Amino acid sequence: MKQRHLGRSGLIVSRLALGTMTWGGDTDEDDAAAQLLAFRDAGGTLLDTANTYVQGESESVVGRLLKDVIPRDEVVLATKAYGVVGSGPMGRGTSRGHLLTALDQSLKRLQTDYIDLWQLHSWDPVTPWDEAMAALDWAVQSGRVRYAGVSNYSGWQQGATAAWQRAVPGRAPLVSNQVEYSLLQRGIEREVVPSALDQGVGLLPWSPLGRGVLTGKYRNGSPADSRGNSERFKPFVEPYLDERSRSVVDAVLTAADGLGVSPVAVALAWVRDRPGVVAPIVGARTNAQLQASLAAEHVVLPDVVRQALDDVSAPPIGYPEQMPRWSSEDLET
């Protein structure tokens, strides 16, 4: 698997990341071990989790696997902090107290002395911005975190954070933003992508398969064992089952058929090679699903196919992201 720098940093990661949101829940530990071995054997290095996945059990599974299955130093370990992990007002958010407590807990569950990439899982509107950033700085300066990132930040939030961290020597630079991005969700192209390219922030797309819809499995209804047929995840999948999404899925299926590859490979190859993207994060319930994603490594979309997919999935973009072409006379009137 090819490797890429994460943003404007020295950290090098595989251009496909393995997500672990279901580990310890829908994916048992034996299946998780099989996925980790398959990912490592394919050349994958970036392993992503969070302290809230399965109430912390995902991190615990990762920790045990990095102790018993493959060596810790064979992966770039990423986790996140922000969500609810305790009672009371200090049980969530990006306050210094919550973040540093969450970091201690993550390190214990992961059975490691350091985290390669520690990410703020979401923007916190009630905690002073400089307090959250100072906690990131301390985590890096203490050696318990190597690189700092964020997740689900908008364009202005990402740009302001990156600029703040660069303003004073010694602050931990912002190297990544983990955001939803796929042929069915291209909203980040309005402001997040241009900001990332300008600030040197690497993008880590989550749900690059459009919440599973781009696989084509929902084309004729929701399979009994799918997320779209579960009470918990049905609201998560339903927004991408509309007519517009159907036309995009049809285009992916047509491209896959013409190229002799899977729809998964087409969808992953498209998002993997978008400007600013470093590594799409794939979360598989089974090893068979992961193998389908790994097969995308050798798929390169022809320009004509890429353009067709761009056209059918194009998001609405206008002012002010795209300024009209005015003449100097127009501006003076």
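The values are calculated or read from the model by the stated rules, or taken from the named source; none is laboratory data. Note that the structure is a prediction, hence the values are computed from the model and not measured. All Cβ positions, glycine included, derive from the backbone under ideal geometry; neighbour counts span all protein chains shown.
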For the stretch 1-16, pairs from a residue that is within 13 Å of Leu203 (Cβ to Cβ) to a residue that is assigned to a loop (DSSP other than H, G, I, E, B) and among the aliphatic types (A, V, I, L, M), with Cβ under 6 Å and 6 or more apart or across chains, are Arg4/Val278; Leu6/Val278; Gly7/Val201; Val13/Leu6; Val13/Ala279; Arg15/Ala279
Taking the stretch 298-319 on its own, how many of its residues are crowded, with 19+ Cβ neighbours inside 10 Å and either assigned to a helix (DSSP H, G or I) or in contact with a Cys (Cβ under 7 Å, 6 or more places away or on another chain) (or both)? 3
Filter result for Gly149 (touching a Phe, Trp or Tyr at 6+ places or on another chain (Cβ under 9 Å) and not acidic (Asp, Glu)): yes
Residue identified as surrounded by fewer than 19 Cβ atoms within 10 Å (Cβ to Cβ), of a type outside the set (Phe, Trp, Tyr), in contact (Cβ under 8 Å) with a residue 24 or more places away in the chain and in a loop (DSSP other than H, G, I, E, B) among Gly221, Gly170: Gly170
So which residues in the stretch 89-110 are more than 20 Å from the chain's Cα centre (by Cα), crowded, with 16+ Cβ neighbours inside 10 Å and modelled with pLDDT under 90? Arg92
Could you pull out the residue among Asp130, Asp198 that is farther than 26 Å from Thr52 by Cα, acidic (Asp, Glu) and surrounded by fewer than 18 Cβ atoms within 10 Å (Cβ to Cβ)? Asp198
What are the pairs, 6+ residues apart or on separate chains, where a residue within the stretch 122-146 that is closer than 16 Å to Asp104 by Cα has its Cβ under 7 Å from a residue that is assigned to a loop (DSSP other than H, G, I, E, B) and hydrophobic (A, V, I, L, M, F, W, C)? Leu136/Ala172; Asp137/Ala172; Val140/Ala172
From Val140, Val150, grab the single residue that is at pLDDT 95 or above and either part of a helix (DSSP H, G or I) or of a type in the set (S, T, N, Q) (or both). Val140
Considering only residues that are in a loop (DSSP other than H, G, I, E, B), under 11 Å from the mean Cα position of the chain (by Cα) and under 17 Å from Leu37 (Cα atoms), which ones fall in the stretch 267-294? Gly283
Residues (aliphatic (A, V, I, L, M) and either touching a helix residue (DSSP H, G or I) at 6+ places or on another chain (Cβ under 6 Å) or free of Cβ contacts under 8 Å to residues at least 12 places away in the same chain (or both)) located in the stretch 173-204: Leu174, Val179, Leu183, Leu184, Val192, Val201, Leu203
Going by the conditions given, is Ser122 modelled with pLDDT under 95, loosely packed, with under 15 Cβ neighbours inside 10 Å, of a type in the set (Gly, Ala, Ser) and part of a loop (DSSP other than H, G, I, E, B)? no
Restricting attention to the stretch 244-261, does a residue exist that is surrounded by fewer than 18 Cβ atoms within 10 Å (Cβ to Cβ), in contact (Cβ under 8 Å) with a residue 60 or more places away in the chain and closer than 22 Å to Leu203 by Cα? no
Candidates Asp113, Asp41, filtered to the one that is over 24 Å from Leu16 (Cβ atoms) and surrounded by fewer than 18 Cβ atoms within 10 Å (Cβ to Cβ): Asp113
Looking at the stretch 14-30, is at least one residue in a helix (DSSP H, G or I) and modelled with pLDDT of 95 or more? yes
Please go through the stretch 48-70 and give me each residue that is outside any loop (DSSP other than H, G, I, E, B), surrounded by fewer than 23 Cβ atoms within 10 Å (Cβ to Cβ) and among the polar types (S, T, N, Q), ordered by number. Gln55, Ser60
From the list Tyr153, Tyr82, which residue is crowded, with 16+ Cβ neighbours inside 10 Å, within 26 Å of Phe39 (Cβ to Cβ) and aromatic (Phe, Trp, Tyr)? Tyr82
Restricted to the stretch 320-333, and to residues that are part of a loop (DSSP other than H, G, I, E, B) and loosely packed, with under 11 Cβ neighbours inside 10 Å, which residue is modelled with the highest pLDDT? Pro320
